[in-house]
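Presented below is the structure to which this report refers.
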Amino acid sequence: MAVLILAPELDITADRMVKVLEGRDVPVARVDTAWFPQRASVDAELRNGRWVGTLSAGGRVIALEALRSIWYRNPGAFTFPAELSPTERHWAMTETKLGLGGVLASLPVAWINHPSRNADASYKPVQLVTATRCGLTVADTLVTNEPAAVKRFAEGGETITKAFGAPAIKEAGRRKVAFTHRLDESDLADLRGVEVNAHQFQRWIPKSYEARVIVVGTRLFGAAIHAQSAETYLDWRNDYGALRYEQVDPPANVATGVREYCVELGLTYGAFDFVIRPDGEWVFLECNAGGQYGWIEDEIEAPITEALADLLEKGNTA
């Protein structure tokens with residue numbers, strides 16, 4: 001029985017997992033869905049209520065019925081021939097997502113995490129409601145595209161805005177990033193563009209430090225993240241070189257809350273981010289069901305890859 005890793009072609013964390021599984025003599029195959037259909041193909045037939053056949057990629061042929069588990073590491077989007085028109089590309093993307101994606105999603109294997117669970121858990125409003133239901137403290141939040149609502153919310157105290165999803169875009173051949181931004185008077189005086197799409201605004205939380213808590217099954221790995229500059233105090237993603245880390249154990253109520261959160265949303269893995277107030281209270285910011293952990297593992301010397309490998313090796317045939 002083999003483990004399938006669905007990950008980008010360039011992914012140091014996935015490289016690390018392959019090495020660990022091979023060291024345990026666990027058969028492992030790594031595929032980037034961006035290889036399909038030009039460097040990968042599928043041949044799946046429904047027999048007795050399950051899909052059997054092969055996924056061929058990277059010179060390897062993977063038997064679907066031989067898989068015990070799949071690690072979903074945010075692989076790339078399908079890449080179609082350049083000569084397809086936009087309409088043909090859209091059609092091909094939809095058909096492949098529903099076809100190949102549907103075959104993989106229906107396999108009776110252990111997932112970390114199932115892509116449908118990842119998709120459900122990606123909605124920030126769902127995250128905040130779930131966190132509250134699980135006993136975690138959350139920041140006051142506004143979702144709106146109305147300038148008047150932004151001004152009303154900002155009257156209640158210092159306010160920040162940040163993206164619902166990934167903060168980076170590619171435009172004109174350049175990568176542009178929008179991290180957390182604290183609103184000032186000039187922002188509130190000119191809110192043109194707010195009406196174009198939904199935005200997230202939250203109350204600014206004074207902090208002693210921040211923390212990332214990695215959940216792997218029932219195991220927790222906590223890292224305190226200490227900002228060493230004004231930019232990283234606002235958003236630690238601004239400069240990884242200006243951070244200091246240490247291992248930290250979340251309070252009992254937080255540990256219970258994140259475990260309940262994962263159960264409720266069907267997650268085996270989750271990367272939780274918290275702000276810790278000066279009084280010691282932990283405030284939930286978000287949970288990225290596919291969040292990175294490699295650099296945290298190194299900084300606090302936590303066996304996160306080994307813990308994930310334990311689950312992948314064990315698998316599930318239910």
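The values are calculated or read from the model by the stated rules, or taken from the named source; none is laboratory data. Source: prediction; values computed, not measured. Neighbour counts run over all protein chains shown; Cβ positions are idealised from the backbone, glycine included. In case anyone asks, the SASA skips ligands and DNA or RNA and just uses the protein heavy atoms, side chains included. Shrake-Rupley method; radii C 1.70, N 1.55, O 1.52, S 1.80 Å.
The table below lists the values:
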quantity	calculated
Hits in the range 22-42 - residues which are open to solvent by less than 20 Å² (accessible area, probe 1.4 Å) and out of contact with any Asp or Glu (no Cβ under 7 Å at 6 or more places or on another chain)	Ala29, Val31, Ala40
Selection count where residues are open to solvent by 40 Å² or more (accessible area, probe 1.4 Å) and either within 19 Å of Asn118 (Cα to Cα) or not acidic (Asp, Glu) (or both), scope the range 86-106	10
Those residues of the range 266-293 which are open to solvent by less than 80 Å² (accessible area, probe 1.4 Å), of a type outside the set (A, V, I, L, M, F, W, C) and within 24 Å of Pro8 (Cα to Cα), in sequence order	Gly266, Thr268, Tyr269, Gly270, Asp273, Glu286, Asn288, Gly290, Gly291, Tyr293
Residue identified as within 30 Å of Ala302 (Cβ to Cβ), aliphatic (A, V, I, L, M), open to solvent by 70 Å² or more (accessible area, probe 1.4 Å) and not in a helix (DSSP H, G or I) among Leu10, Leu46	Leu10
All positions within the range 116-157 that are under 30 Å from Trp51 (Cα atoms) and open to solvent by less than 40 Å² (accessible area, probe 1.4 Å)	Asn118, Ala121
Residue check, Ala307 touching a Lys or Arg at 6+ places or on another chain (Cβ under 7 Å) and of a type in the set (A, V, I, L, M)	yes
Residue check for Val263: surrounded by 18 or more Cβ atoms within 10 Å (Cβ to Cβ), closer than 21 Å to Arg133 by Cβ and β-branched (Val, Ile, Thr)	no
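This table checks each residue for (1) in a helix (DSSP H, G or I); (2) closer than 27 Å to Asp120 by Cα.
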site: Ala148; (1), (2): yes, no
site: Lys151; (1), (2): yes, no
site: Ile160; (1), (2): no, yes
site: Phe164; (1), (2): no, yes
site: Phe179; (1), (2): no, yes
site: Leu188; (1), (2): yes, no
site: Arg192; (1), (2): no, no
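Listed here are the residues, each with its yes/no results for (1) at pLDDT below 95; (2) more than 20 Å from Val18 (Cα to Cα); (3) assigned to a loop (DSSP other than H, G, I, E, B); (4) not aliphatic (A, V, I, L, M).
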site	(1), (2), (3), (4)
Leu267	no, yes, yes, no
Phe274	no, yes, no, yes
Pro278	no, yes, yes, yes
Phe284	no, yes, no, yes
Ile296	yes, no, no, no
Asn316	yes, no, yes, yes
